[in-house]
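Only one structure is covered here, and it is reproduced in the block below.
The numbers here are math on the coordinates, done by the rules we state, and not lab data. Computed from a prediction, not measured in an experiment: that's the story for all the values here. A quick note on method: Cβ atoms are made from the backbone with ideal geometry, for glycine too, and the neighbour counts reach across all protein chains shown.
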Amino acid sequence: MRGWRGAGVLAGLVAGAVVMQTGGSLGRGALFAAPAFSACVLAGVLGGELSVRPAGGPVRTAAVEVRRARDYLPRGLTRVVATAAAVLAVLLVATTAAGNADDMGRPGRMLWVACGPDVREGRGPWPGSYYSVPLAIVVLAGLVAAGAVLHRIAARPRVGDDDTTRRRSARAVIAAVGIMVALPAAGVSAVAGGAIIGTSCLPDAGGQALLALAAAQTLLLAWCGAALLIPAPARAGSRPA
């Protein structure tokens with residue numbers, strides 16, 4: 001199963017690079033690269049889970065066992081990724097509400113600020129609805145897919161003492177979701193923060209806070225990357241994946 005996860009990571013790197021180059025103009029490609037990468041990782045994890053088959057042989061009886069997806073989630077990483085997803089949602093709502101059309105009529109690509117009775121100042125690009133609406137749709141689809149994969153991880157047949165395998169698969173899913181939300185959140189925060197700082201009549205504190213948030217999301221990206229590449233240690237009584 002580790003081979004399936006590795007194949008998903010490699011395919012994700014290729015897909016992310018392709019989407020970044022061909023996924024759209026004015027930065028949309030870069031925005032969708034992380035969801036494309038995560039989709040490939042999820043597909044790899046799902047492929048590994050679907051490849052598991054119960055061992056053949058005589059029919060045996062077993063105790064009734066209820067397995068839940070949450071039992072296999074890495075608690076710390078899951079909490080942080082859930083927080084990052086909530087932060088991304090708040091960011092997209094806020095930047096969409098503040099965005100205005102640019103000079104070409106593209107919605108949400110400019111931030112216009114009234115600096116006085118007769119003075120307006122504009123800064124762009126701004127991560128408004130031109131970016132936020134398609135990104136929200138893609139991320140929501142990715143979250144639904146991640147939920148389906150986690151359900152499969154918990155529901156598939158048991159093959160020996162394989163809780164370690166399930167935990168590693170669930171960890172890969174959460175890491176993929178973390179990359180899917182953290183990279184766009186870092187980009188949105190950085191672009192919005194830079195626009196605010198570049199506006200003369202807005203306090204820099206808001207922009208600096210957004211830049212700090214972008215740095216925090218970058219740290220989450222590093223954590224999720226390590227979770228994908230470095231297998232979690234096996235717990236006592238479990239067989240390695």
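Summary table below
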item: Crossing angle, helix 28-50 versus the chain [Cα axis fit, 0-90 degrees, rounded to tens]; result: 10 degrees
item: Longest to shortest principal axis, alpha-carbon extents of the stretch 73-229, angstrom; result: 74, 28, 19
item: Degrees separating the helix 129-155 axis from the principal Cα axis of the chain, which is the longest one; result: 10 degrees
item: Linear extension gain, SER200 paired with ALA89, 0.36 nm per residue minus alpha-carbon span; result: 37.2 nm
item: Inter-part distance where the stretch 85-135 and the stretch 172-197 are each reduced to a Cα centre, Å; result: 16 Å
item: About the Cα centre, charge dipole magnitude for the chain (Lys/Arg +1, Asp/Glu -1 at Cβ), debye; result: 1220 debye
item: Under-5 Å amide H pairs with CYS115, H placed in peptide plane, nonlocal only; result: ARG120, GLU121
item: Whole-Hz ³J(HN,Hα) from phi, Karplus 6.51 cos²θ - 1.76 cosθ + 1.60, for the stretch 14-20, glycine and proline x; result: 5, 5, x, 5, 5, 5, 4
item: Angle in degrees between helix 163-197 and the longest Cα principal axis of the chain, rounded to the nearest 10; result: 0 degrees
item: For ASP102, residues with placed amide H under 5 Å, excluding near neighbours; result: GLY108, ARG109, MET110
item: Potential extension, THR22-ARG68 segment - 0.36 nm per residue separation minus Cα distance; result: 12.6 nm
item: Structure-based [θ]222 nm, the chain - -39500 (n - 2.57) summed over DSSP H runs of at least 4, per residue, nearest 500; result: -23000 deg cm²/dmol
